[in-house]
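The structure under discussion appears below in the form of structure tokens.
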Amino acid sequence: MEQNLSQYKIFYEVAKAGNISKAAKELYISQPAISKAISKLEDSLGLSLFTRSSRGVQLTSEGEILFEHAKEAFDTLSRGEQELKRIQEFDIGHLRIGVSNTLCKYVLLPYLKTFIDQYPHMKVTIESQSTAQTLSRLEQQKLDLGLVAEPSLRKDLAFIPVMDIQDTFVTTPAYLNNLYVREGKDTNIFETGNIMLLDQSNMTRHHVDDYMSENHIVPRQVLEVTTMDLLIEFVKIGLGVACVIKELVQKELDNGTLVELPLEIPIHRRTIGFAYHPANQAMSLKTFLEFLY
């Protein structure tokens, strides 16, 4: 756009008022200044926008076309200003959060409920996706916040720890007893049992695979599942031995529905928390971080 926006604003107000004098009062500038701006805009466009008479001004056919576009543009700007005003007055903002299904259900929801109670006008968008996707979108600043296991290789992201979690192998007492009857008490469960794991696209699976590699554990029969919730449901009905987050099945471990396999070396604990890009200056993110503290 070659012309100055102020020229279009003057044109727009004159067209609305149909009179240079009225537009001058509306814009708090002199009539000669308005006439000069209109003439300059017409010269630069190479056509007439108004016909002039003693009663005022009237749009030409070309002026009518330009007025419709100018009206749309200034209406859009006005809506933008109103939205910003609403954000200021009512703490309205847009917070974009990336999280896996599991962490959303078991960790994020309690935080989110309290946060929304305090900031009921805040718009919140949840992207349910893998941790790898969340970390990538955080680095690109396409998300404000991610609830993830602490990233070891993402030095450019800030991280606020929330809780530690323990991955462990569990099964039902019935499945374990049947396995012992069939294979003997000294059986290597990882070699003779049905070992259920998250699929290899999952960051938790990478963590568990690293553990098994370090400890020379090679399961012979693996059943892969896409979500932790399904993994927990499968192990509850006795389909095998599942590697799950211990905190998510603590109730079942306490009441004996599930039992934990003893491991000579426990799986390394992980830290769950909120990650964000330090360069992100969104007010919605600042509000959530203040809420956390």
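Could you please tell me which pairs satisfy a Cβ distance under 6 Å, a separation of 6+ or placement on different chains, a first residue in segment 273-287 that is not assigned by TED's automatic domain parsing to the domain that holds residue 140 and in a helix (DSSP H, G or I), and a second residue that is among the acidic types (Asp, Glu) and buried (at least 16 other Cβ atoms within 10 Å of the Cβ)? Close Cβ pairs satisfying both conditions: none exist.
Assess whether residue 61 counts as being assigned by TED's automatic domain parsing to the domain that holds residue 16, modelled with pLDDT of 90 or more and over 46 Å from the mean Cα position of the chain (by Cα).
Values: assigned by TED's automatic domain parsing to the domain that holds residue 16: yes; modelled with pLDDT of 90 or more: yes; over 46 Å from the mean Cα position of the chain (by Cα): yes.
So residue 61 fits the description; yes.
Give the number of residues within segment 205-235 that are assigned to a helix (DSSP H, G or I) and touching an Asp or Glu at 6+ places or on another chain (Cβ under 7 Å).
Of segment 205-235, the ones assigned to a helix (DSSP H, G or I) are 205-214, 228-235.
Restricting the remaining residues to those that are touching an Asp or Glu at 6+ places or on another chain (Cβ under 7 Å) gives 205, 207-208.
The qualifying residues number 3.
In a residue-by-residue description of segment 187-208, the property of being of a type in the set (D, E, K, R), surrounded by 16 or more Cβ atoms within 10 Å (Cβ to Cβ), farther than 30 Å from residue 136 by Cβ and out of contact with any strand residue (DSSP E or B) (no Cβ under 8 Å at 6 or more places or on another chain) applies to no position. Filtering segment 271-287 to residues that are closer than 15 Å to residue 98 by Cα and touching a Pro at 6+ places or on another chain (Cβ under 9 Å) leaves 272, 273, 274, 275.
Of all residues in segment 266-287, one or more are exposed (fewer than 14 other Cβ atoms within 10 Å of the Cβ) and touching a Ser or Thr at 6+ places or on another chain (Cβ under 8 Å).
Residues that are more than 16 Å from the chain's Cα centre (by Cα) and surrounded by 13 or more Cβ atoms within 10 Å (Cβ to Cβ) were ranked within segment 105-122; the one that is farthest from residue 228 (Cα to Cα) is 119. Could you tell me whether segment 246-257 includes any residue that is β-branched (Val, Ile, Thr), closer than 23 Å to residue 142 by Cβ, crowded, with 17+ Cβ neighbours inside 10 Å and at pLDDT 90 or above? Among the residues of segment 246-257, not one is β-branched (Val, Ile, Thr), closer than 23 Å to residue 142 by Cβ, crowded, with 17+ Cβ neighbours inside 10 Å and at pLDDT 90 or above, which makes the answer no.
The single condition among (1) hydroxyl-bearing (Ser, Thr, Tyr); (2) assigned by TED's automatic domain parsing to the domain that holds residue 159; (3) assigned to a loop (DSSP other than H, G, I, E, B) that residue 257 does not meet is (2).
Scanning segment 50-66 for residues that are in contact (Cβ under 8 Å) with a residue 12 or more places away in the chain, more than 30 Å from residue 138 (Cα to Cα) and small (Gly, Ala, Ser) turns up at least one hit.
Here is the figure for segment 33-46: residues that are surrounded by 13 or more Cβ atoms within 10 Å (Cβ to Cβ) and over 13 Å from residue 11 (Cα atoms) total 0.
The values are calculated or read from the model by the stated rules, or taken from the named source; none is laboratory data. No experiment lies behind these values; they were computed from the predicted model shown. Positions of Cβ are backbone-derived with ideal geometry, glycine not excepted, and every protein chain shown enters the neighbour counts.
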